[in-house]
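The values are calculated or read from the model by the stated rules, or taken from the named source; none is laboratory data. Fair warning: this is a prediction, and the values are worked out from it, not measured in the lab. Counting neighbours? That spans all protein chains shown, and the Cβs are built from the backbone with ideal geometry, glycine included.
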Amino acid sequence: MTARAAPPHRPTAAPRTLLAPLAGAAAALLLAGCVPVQTARPSPDRTDVTGVAIGDRAVAEGGDLVMALSAEPDRLDPTTSSSLYTRYVMQTVCEKLYDIDAEGDLVPMLAAELPRVSDDGLTVTIPVRTDPVFADGTPFDAGAVVTTLERHLALEGSSRRTELGPVTDVSAPDDSTVVITYETPFSPLTAALADRAGMVMSPTALDELGEDFGDAPVCVGPMKFTERVPQTSITVERDPLYYAADEVHLDSITYRIMTDANIRAANLRSGDVQVADSLSPQDVDALVQEDGIGLLQTGSFGYQAVTFNVGNTDGAGQPPGRIDTPLATDPRVREAFSLAVDREALVDSVFNDWYEPACSFLSPDSAYATEASSACPPHDPARARELLAEAGVEVPYRIEVQVSNTADSLRLLQALQASVRDGGFDVVVRPVEYSTLLDVQTRGDFEAVQLGWSGRVDPHGNSASFLSTGGSNNYAGWSNPEADDLVTRAAQETDPAVRAQLYGRLVEVVQAEDPLVYLYRVRSLTGYTEDVAGIETYADGVVRLGRAAFLADGGE
């Protein structure tokens, strides 16, 4: 349930259960080699607040809302994008066939209703709306959906191909019906279409722009793309052609890039921005005590992890190659690293206990969680050293970890350095600008990288493209036949209980070889000034601003 604000106070928190379902810091921070001292403090209130509703309060029509964005989005192309921050922007300009709501349920958006699946699971029929119009005036219909899905499946470098499963054909028998045919059943389709795979692009714009679509995206949304100033801002404005234009209040939204969490917080305090994502757990307790500032917070379907390059020699999605290092070739080295990590201490000391330890791609709050998927390797540095001795490597074993150059990420790596030292590891930290780090990860130009995934409502979206041989997001270059089989079987299975068992076994296979070592699961901490409402953030990590508005009374 979305929490409703009761002025002049902060919004009333509403509990929610997850259903099926991080500016550079000083170099001294990295070199100190000690875990931040933990002081006594109360545990944070983790009650979910997923939105601040307008309710019956009067709104001031118009205005430019400014959101402080913690990293620069990659290209605004639904087919190739891999950044959470791109999803923030695209959420307002490029609606999807489906979405999730505050409870994590899948709901129609540009689709007219949930898909109809044939008895054999091979034919999926999606009724679509015919009232929307693209921002360039092109009518929205089933043919446009087909054009988008075919691009996702065929474009070189597509990040959506794995998400859509073993499609054999996509067609539009009429303007309001899309039919997708499968080689084998594919249960995660609806969830995939509630993310970038379901963002429908204007066929006219695709014809004109081709692979340059991301420079000037045209879709259906409450806003339309206006301008991008690299490394500075992205601006969108109200689309008068939007089918629900009467529900849109703002004239424009400017996403201003502010990578330093302290700067985001300062701009929120001053009122220069009205919304700020990814507040630092180091700051949030004090910030939300200030008059006029509220906090949205929710758990996450996703994770943060260290990914080891075990075979990514030609880029993610390509056949794995051989990397001749103990880290890449010997699972005992990677298992030792996992055992050396004290996950509880990391989230407590670095993130003030706002975040939660994570040991797999599957949240314990998911309806697909099992004892196997929630099992966590113990913190056992003695056993870690034994495994390194068995692997015959020199101790301390040196690993270079590339990481985003934000203060929280660097603080994490400092603590991680200390955490794994007793287990026989020497972690060398290499800070990299976030968008560059995404490219490094894709190319395979790393030994280890610390990044995360914002999460999807269906476990397939958190596992298949990362863990399948040749998966579009398989940055580790890992290949395991049993994992491939489990991913495929789980996608084909329609019984949720059986799917849960398969994902539990997949977690066991991954933890046996550790191409990724999962560390923690964030809470989405979004600050806002209380003169705005209609802001929402759900467990997919995306802040939704399409229906946001300034309050006529300034929030009084």
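Restricting attention to region 146-156, does a residue exist that is touching a helix residue (DSSP H, G or I) at 6+ places or on another chain (Cβ under 8 Å) and over 24 Å from Asp239 (Cβ atoms)?
yes
What pairs come out if I take residues in region 216-239 that are at pLDDT 95 or above and assigned to a loop (DSSP other than H, G, I, E, B) and pair them with residues that are of a type in the set (Lys, Arg) and surrounded by 18 or more Cβ atoms within 10 Å (Cβ to Cβ) whose C-beta lies under 6 Å away, six or more apart or interchain?
Asp239/Lys224
Could you figure out which of (1) out of contact with any Asp or Glu (no Cβ under 6 Å at 6 or more places or on another chain); (2) farther than 30 Å from Thr254 by Cβ; (3) not in a loop (DSSP other than H, G, I, E, B) isn't true of Thr168?
Exception for Thr168: condition (1).
Given the conditions (1) at pLDDT 95 or above; (2) within 21 Å of Ser409 (Cα to Cα), report the number of the one that Gly315 does not fulfil.
Looking at each condition in turn, Gly315 falls short on (2).
Inside region 358-468, counting only helices (runs of 4 or more DSSP H) that do not spill past its ends, which hold 2 or more residues that are at pLDDT below 95 and assigned by TED's automatic domain parsing to the domain that holds Asp485? Steps first, answer last, please.
Working: elements: 371-374, 381-391, 407-421, 434-443, 460-467.
In region 358-468, 407-421, 434-443, 460-467 are the helices (runs of 4 or more DSSP H) which contain 2 or more residues that are at pLDDT below 95 and assigned by TED's automatic domain parsing to the domain that holds Asp485.
Just checking, how many residues over region 165-190 are closer than 23 Å to Asp131 by Cα and of a type outside the set (Asp, Glu)?
Taking region 165-190 as the starting set, the residues that turn out to be closer than 23 Å to Asp131 by Cα are 170-180, 190.
Subsequent filtering for residues that are of a type outside the set (Asp, Glu) retains 170-173, 176-180, 190.
Residues meeting the conditions: 10.
Can we say Leu486 is farther than 27 Å from Pro78 by Cβ, crowded, with 23+ Cβ neighbours inside 10 Å and modelled with pLDDT of 95 or more?
Values: farther than 27 Å from Pro78 by Cβ: yes; crowded, with 23+ Cβ neighbours inside 10 Å: yes; modelled with pLDDT of 95 or more: yes.
For Leu486, the condition - farther than 27 Å from Pro78 by Cβ, crowded, with 23+ Cβ neighbours inside 10 Å and modelled with pLDDT of 95 or more - is met.
Evaluate region 528-538: report whether one residue or more is of a type in the set (Val, Ile, Thr), modelled with pLDDT under 95, buried (at least 24 other Cβ atoms within 10 Å of the Cβ) and within 30 Å of Val59 (Cβ to Cβ).
yes
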